Amino acid sequence: MVKDLIVVKDKSGLSAKEIRKKARQSDVTKKGKVPIDVIHKSVDANGYVDISKIQEHWEDLSPTPVKYDWIKTKSGEWFKGEIKGLFNDKLEFDSKEIGLYTFKFKDISEIKSYNIMTVNIEDVAAFTGVLRLKGDKLTIIQGDNSYDFEREYVVSFAPYGNHERNFWSGKITLSIDVRRGNINQYDYSAKINLMRRTALSRLVLDYLGRNSAKDYQEMANDHRINEKYDRYLTRQFFWTPVFGEIYTDKYKNIDRQLTLGMGVGYTLVDTKKTTWNFSTGPAFLYTRYDTVHMGEEQKEFSPALELSTKYELELNSITDITYDYKLTYTDAASGRYKHHMLLTFENELTTWLDIDFTGVWDYILEPVESDSGVVPEKSDFQVLVGLGVEF
């Protein structure tokens with residue numbers, strides 16, 4: 001049985017305000033007296049001490065977190081805002097100046113959090129506290145204790161507390177095509193991606209649906225909701241206590257189809273520009289067909305095996321590519337084999353607005369014939385162009 005990580009919480013009884021005060025005290029480097037030989041070396045030709053030679057340089061100074069988190073990039077720029085979380089070596093940061101932005105963890109040289117964080121350390125535990133990162137050293141400050149780790153062992157971190165909104169992020173993409181005149185037609189599609197992430201887990205909720213009509217006659221009406229809940233164990237390995245799908249498409253003779261299962265996953269590639277995950281696990285598949293021939297079962301309940309992969313590539317500074325593929329093996333009564341594939345090109349217009357191009361391919365090996373003798377096509381293709389809003 002897979003066990004969850006131990007969470008090392010602060011048991012000092014101090015308030016968040018008092019913990020932040022301790023963190024600020026640890027930020028202050030108390031200097032002793034300046035040695036006399038250093039002063040002698042700082043005397044200029046006129047016999048005056050050159051203060052610039054013994055005082056701290058401005059680039060070595062850093063801001064004090066008050067109401068906001070602070071991060072510093074390797075280029076020396078400081079950003080003020082709110083840390084949304086670190087996952088797969090990508091740091092999500094929300095700032096009034098730059099909006100919601102994703103930094104590569106490798107590009108961050110310093111972090112000074114104002115908010116209490118939960119930090120998942122590989123093969124050790126999860127720790128709560130104020131976060132400090134400088135170079136390769138990460139410090140988690142609690143009321144009575146502090147813990148030091150090398151940054152390479154950080155799996156993930158996220159804000160800790162009762163503000164549920166801090167854990168959520170998402171994107172809504174809409175595509176609408178309306179024509180009036182000789183032909184009255186509308187095509188509408190929506191894609192919604194929601195994610196709740198903590199230092200220990202990730203909940204993903206996805207919706208994809210479309211409606212289409214021509215001269216007031218419906219041509220398409222299908223909807224798909226996917227759910228996946230992952231628990232991090234190491235940087236590469238995670239397990240999925242539950243995944244599921246709700247799907248309906250009457251033009252494929254599917255009134256409703258429900259999938260429920262559990263599995264494990266592994267991150268095969270995790271670099272600065274590329275991530276590639278694989279997941280697999282057993283499931284059960286329930287299908288209710290819209291219509292069937294007399295004497296045939298309208299409902300089917302079947303065992304299944306699901307395999308999925310997700311590949312993400314940062315092509316350049318404004319374009320990301322995402323390939324999401326899921327296949328399901330089951331018995332003949334439920335179609336034997338099906339897959340759902342999406343290939344998306346996300347093109348950044350602003351920090352919160354994208355224009356997306358998505359190709360969708362749905363396939364079922366043995367579709368079930370309706371009572372009118374119509375056999376649905378095995379493949380169904382869509383090309384979606386829409387505007388996506390991130391939040």
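Could you list, in sequence order, all residues of the range 103-127 that are surrounded by fewer than 20 Cβ atoms within 10 Å (Cβ to Cβ) and of a type in the set (Lys, Arg)?
Listed by number, the residues that qualify are LYS104, LYS106.
Looking at THR280, THR267, THR274, which is the one that is hydroxyl-bearing (Ser, Thr, Tyr) and touching a residue at least 60 places away in the same chain (Cβ under 8 Å)?
Numbers: THR280 fails: touching a residue at least 60 places away in the same chain (Cβ under 8 Å); THR274 fails: touching a residue at least 60 places away in the same chain (Cβ under 8 Å).
After ruling out the rest, the residue left standing is THR267.
Just give me the residues in the range 180-196 being exposed (fewer than 14 other Cβ atoms within 10 Å of the Cβ) and either in a strand (DSSP E or B) or among the polar types (S, T, N, Q) (or both), in sequence order. So that I can check it myself, show each step before the final result.
First pass over the range 180-196, keeping only residues exposed (fewer than 14 other Cβ atoms within 10 Å of the Cβ): 180-184.
Hits for the range 180-196 are ASN182, ASN184.
Hey, does the range 281-303 have a residue that's modelled with pLDDT of 90 or more and under 19 Å from ASP89 (Cα atoms)?
No, the range 281-303 contains no residue that is modelled with pLDDT of 90 or more and under 19 Å from ASP89 (Cα atoms).
Exactly one of (1) within 30 Å of LEU353 (Cβ to Cβ); (2) in contact with a Leu (Cβ under 7 Å, 6 or more places away or on another chain) is unmet by PHE87. Its number?
All conditions are met except number (2).
Out of curiosity, is VAL204 over 17 Å from ASP324 (Cα atoms), touching a strand residue (DSSP E or B) at 6+ places or on another chain (Cβ under 9 Å) and not in a loop (DSSP other than H, G, I, E, B)? Outline the logic, then answer.
Values: over 17 Å from ASP324 (Cα atoms): no; touching a strand residue (DSSP E or B) at 6+ places or on another chain (Cβ under 9 Å): yes; not in a loop (DSSP other than H, G, I, E, B): yes.
No: the conditions fail for VAL204.
For the structure I just gave you, tell me whether TYR188 is within 20 Å of the chain's Cα centre (by Cα) and assigned by TED's automatic domain parsing to the domain that holds ILE246. Step through it out loud before you land on a result.
Values: within 20 Å of the chain's Cα centre (by Cα): no; assigned by TED's automatic domain parsing to the domain that holds ILE246: yes.
So TYR188 does not fit the description; no.
Output the number of residues of the range 162-179 satisfying the condition of being surrounded by fewer than 17 Cβ atoms within 10 Å (Cβ to Cβ) and in contact with a strand residue (DSSP E or B) (Cβ under 9 Å, 6 or more places away or on another chain). Break it down stepwise before answering.
Pass one, the range 162-179, residues surrounded by fewer than 17 Cβ atoms within 10 Å (Cβ to Cβ): 162-165, 168, 170, 172, 174, 176-179.
Of the ones still in play, those that are also in contact with a strand residue (DSSP E or B) (Cβ under 9 Å, 6 or more places away or on another chain) are 164, 168, 170, 172, 174, 176-179.
The total comes to 9.
Looking at the range 286-301, can you tell me whether even one residue there is in the same structural domain as THR358 (by TED's automatic domain parsing) and under 30 Å from GLU346 (Cβ atoms)?
Initial filter on the range 286-301 (in the same structural domain as THR358 (by TED's automatic domain parsing)): 286-301.
Now drop any that are not under 30 Å from GLU346 (Cβ atoms), which leaves none.
No, the range 286-301 contains no residue that is in the same structural domain as THR358 (by TED's automatic domain parsing) and under 30 Å from GLU346 (Cβ atoms).
What is the residue count in the range 342-391 for residues that are under 19 Å from ALA220 (Cα atoms), among the polar types (S, T, N, Q) and either outside any loop (DSSP other than H, G, I, E, B) or in contact with a Gly (Cβ under 9 Å, 6 or more places away or on another chain) (or both)?
Of the residues in the range 342-391, 3 are under 19 Å from ALA220 (Cα atoms), among the polar types (S, T, N, Q) and either outside any loop (DSSP other than H, G, I, E, B) or in contact with a Gly (Cβ under 9 Å, 6 or more places away or on another chain) (or both).
Check the range 134-154 and report whether any residue there is surrounded by 15 or more Cβ atoms within 10 Å (Cβ to Cβ), closer than 26 Å to GLN25 by Cα and within 18 Å of the chain's Cα centre (by Cα).
Yes, the range 134-154 contains a residue that is surrounded by 15 or more Cβ atoms within 10 Å (Cβ to Cβ), closer than 26 Å to GLN25 by Cα and within 18 Å of the chain's Cα centre (by Cα).
Kindly indicate whether ASP144 is out of contact with any helix residue (DSSP H, G or I) (no Cβ under 7 Å at 6 or more places or on another chain) and either closer than 22 Å to LYS74 by Cβ or acidic (Asp, Glu) (or both).
Answer is yes for this residue.
Condition first: touching a residue at least 24 places away in the same chain (Cβ under 8 Å) and hydrophobic (A, V, I, L, M, F, W, C). Now tell me which residues in the range 139-160 satisfy that.
If the condition is that a residue be touching a residue at least 24 places away in the same chain (Cβ under 8 Å) and hydrophobic (A, V, I, L, M, F, W, C), then ILE141, PHE149, VAL154, VAL155, PHE157, ALA158 are the ones that fit.
Determine whether ALA199 is assigned by TED's automatic domain parsing to the domain that holds TRP352, of a type in the set (Gly, Ala, Ser) and outside any strand (DSSP E or B). Walk me through how you get there before you give the answer.
Values: assigned by TED's automatic domain parsing to the domain that holds TRP352: yes; of a type in the set (Gly, Ala, Ser): yes; outside any strand (DSSP E or B): yes.
Yes, satisfied.
The values are calculated or read from the model by the stated rules, or taken from the named source; none is laboratory data. None of the values given here were measured: they were computed from a predicted structure. We place every Cβ from the backbone using ideal geometry, glycine too, and count neighbours over all the protein chains shown.
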